[in-house]
């Protein structure tokens, strides 16, 4: 049986905002929530997927190649 991925609309909204803004900090400001809340939600989604959605380098968060393993950040 295939594994079932679980994620929330909130997590997807956070990923979209961070990708569009190019920064988790700017996404947090735009969404009026704490940076740690966005980071925790994205971390949980990355753990469920098994790979990194963003390369976290200061001052930007950018999307890695689709095949990047989770530890690549």
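Laid out as a table, the results:
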read-out	value
Region 39-53 residues that are surrounded by fewer than 15 Cβ atoms within 10 Å (Cβ to Cβ), paired with ones that are assigned to a helix (DSSP H, G or I) (beta carbon under 9 Å, 6 or more apart)	44/11; 48/11
Selection count, region 9-41, where residues are modelled with pLDDT under 90 and part of a loop (DSSP other than H, G, I, E, B)	2
Whichever residue in region 42-61 is within 11 Å of residue 15 (Cα to Cα) and touching a strand residue (DSSP E or B) at 6+ places or on another chain (Cβ under 8 Å) and, among such residues, is modelled with the lowest pLDDT	61
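The values are calculated or read from the model by the stated rules, or taken from the named source; none is laboratory data. Please read all numbers here as calculations on a predicted model, not as lab measurements. Cβ sites come from the backbone with ideal geometry, for glycine too, and all protein chains shown count toward neighbours.
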